[in-house]
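Here's the structure we're looking at; comments come further down.
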Amino acid sequence: MFPDFFMHIGQALDLVSRYDSLRNPLTSLGDYLDPELISRCLAESGTVTLRKRRLPLEMMVWCIVGMALERKEPLHQIVNRLDIMLPGNRPFVAPSAVIQARQRLGSEAVRRVFTKTAQLWHNATPHPHWCGLTLLAIDGVFWRTPDTPENDAAFGTMKNSENELAEQLIEQTGDNTLTLMDKGYYSLGLLNAWSLAGEHRHWMIPLRKGAQYEELRKLGKGDHLVKLKTSPQARKKWPGLGNEVTARLLTVTRKGKVCHLLTSMTDAMRFPGGEMADLYSHRWEIELGYREIKQTMQLSRLTLRSKKPELVEQELWGVLLAYNLVRYQMIKMAEHLKGYWPNQQSFSESCGMVMRMLMTLQGVSPGRIPELMRDLASMGQLVKLPTRRERAFPRVVKERPWKYPTAPKKSQSVA
């Protein structure tokens, strides 16, 4: 009896040992990111390794995602918590091994993973449309890097304006879209090129203060077709720009404030002016998105972790990849909520749910993974936000108190 008992115990331990040695973390984390997609991105970027290491490059992509979701945790602790290293003699991974693995991975592979997943998740998402147009927004953001000679040489200072960077997005914008912009992008050359880059590529932007225009035709109350003259400097920079640009000007009053919106949607029959005025308020969502990245994910630490330019770019691509990953899970959770959009859920709560799920997947059997993924998708009710309140105070910057006493603005003469 006892020999048979120990024989069965030995067989069980042998099976457990073989299962643990063959366990691949990608089988569970692959429910979030396709392992084959990661492998293709590594191959396309020329990132290969001949040695079998405890930290495969495929799993280092998850380390980059984890460092974006857990800003305050050291990298080696993130690797240990996600349990993404292969079995070895030591239960944990050394900090130096994580740094070396990041350097081997580089930034190009992470950029390709971000680009491909962004396209896949975009195509898999049922985006709402307005009059047949997909709503987009554009805005600028800056990041701080550690003050090192390498970063100064690679990135320099903020010399490039947002308009110059926006020019790079003209060809990437799809057809049948409406891009919302703030007044910082007011450039007739840029706006004209944006419209001519494809079919039905529209834009909407506040009219610049003091801009001169001529009314051509009245389309409705506070709705006019206008003509704006271009400057010689703009025509020199933009060869396809003519002497005049025809646009549509909407004048609306919000809380006693008169607002002028300029748009390329000149067809008043297809694009109702009353709805267009309310549509521009959605531009604020991109501002909230940047706040979610910088405050919620990065914990208001504007300076990035990485000290070398290659790793700085790698970290930024990882931040964007992690943000899209959380947002895509929020879209899945919103499918279980009737009458709610994904942006009506708590991003911070969703971010925590995704990170906890990533740490849980490694400890469960593969058969339970689909059940856990369905449970996560059905948790939208827990992260649902109440209806957003209207602004109670004006959007202004508070006046800073002066440290030293100041002289009066107008000196008084002494009698």
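Every number in this text was worked out from the coordinates using simple rules, so none of it is lab data. It should be emphasised that the depicted structure is a prediction, and the values quoted were computed from it without experimental measurement. Glycine also receives a Cβ, built like all others from the backbone with ideal geometry; neighbour counts cover every protein chain displayed.
Here are the numbers:
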{"item": "Linear extension gain, THR253 paired with ARG388, 0.36 nm per residue minus alpha-carbon span", "result": "46.5 nm"}
{"item": "Three-way shape call for region 132-271 based on the alpha-carbon gyration tensor, with the a/c threshold at 1.5", "result": "prolate"}
{"item": "Cα→Cβ-extended label distance, 7 Å offset, between GLU199 and ASN176, nm", "result": "0.9"}
{"item": "Anchor LYS229: lysines whose Cα lies under 16 Å away (excluding residues fewer than 8 positions away in-chain)", "result": "LYS209, LYS237"}
{"item": "Unit charges at the beta carbon, dipole of region 132-271: most positive-side option, THR145, LEU135, THR266", "result": "THR266"}
{"item": "Ranked list, fewest to most other Cβ atoms within 10 Å of each Cβ, for ASP278, ASP34", "result": "ASP278, ASP34"}
{"item": "Residue order, fewest to most surrounding Cβ atoms within 10 angstrom, among VAL383, VAL110, VAL141", "result": "VAL141, VAL383, VAL110"}
{"item": "Packing rank of 204-211, 53-60, 234-241, where each peptide gets the mean count of other beta carbons within 10 Å, highest leading", "result": "53-60, 204-211, 234-241"}
{"item": "Proximal aspartates and glutamates relative to LYS116, as straight alpha-carbon distance under 19 Å, when same-chain residues fewer than 8 apart are discounted", "result": "ASP31, ASP34, GLU36, GLU44, GLU58, GLU108, GLU171, GLU313, GLU315"}
{"item": "Unsatisfied cross-links (Cα-Cα over 27 Å) in the set LYS183/LYS221; LYS72/LYS183; LYS183/LYS218; LYS307/LYS332; LYS159/LYS308", "result": "LYS72/LYS183; LYS307/LYS332"}
{"item": "Under-5 Å amide H pairs with THR134, H placed in peptide plane, nonlocal only", "result": "THR177, LEU178"}
{"item": "Relative contact order, percent, region 132-271 [alpha-carbon distance under 8 Å, six or more residues apart]", "result": "19"}
{"item": "Cross-link reach list, aspartates and glutamates versus LYS227, counting only Cα pairs under 14 Å and skipping chain neighbours closer than eight places", "result": "GLU214, GLU215, GLU244"}
{"item": "Those GluC sites (Glu not before Pro) in region 164-201 that DSSP places in a loop and that have at most 13 other beta carbons within 10 Å", "result": "GLU171, GLU199"}
{"item": "Note, ³J(HN,Hα) from phi for region 291-299, Karplus 6.51, -1.76, 1.60, rounded to Hz, x at Gly and Pro", "result": "5, 4, 5, 7, 8, 7, 7, 8, 6"}
{"item": "Global geometry of region 289-333, whether rounded, prolate or oblate, following the gyration tensor of its Cα atoms and the 1.5 cut on a/c", "result": "oblate"}
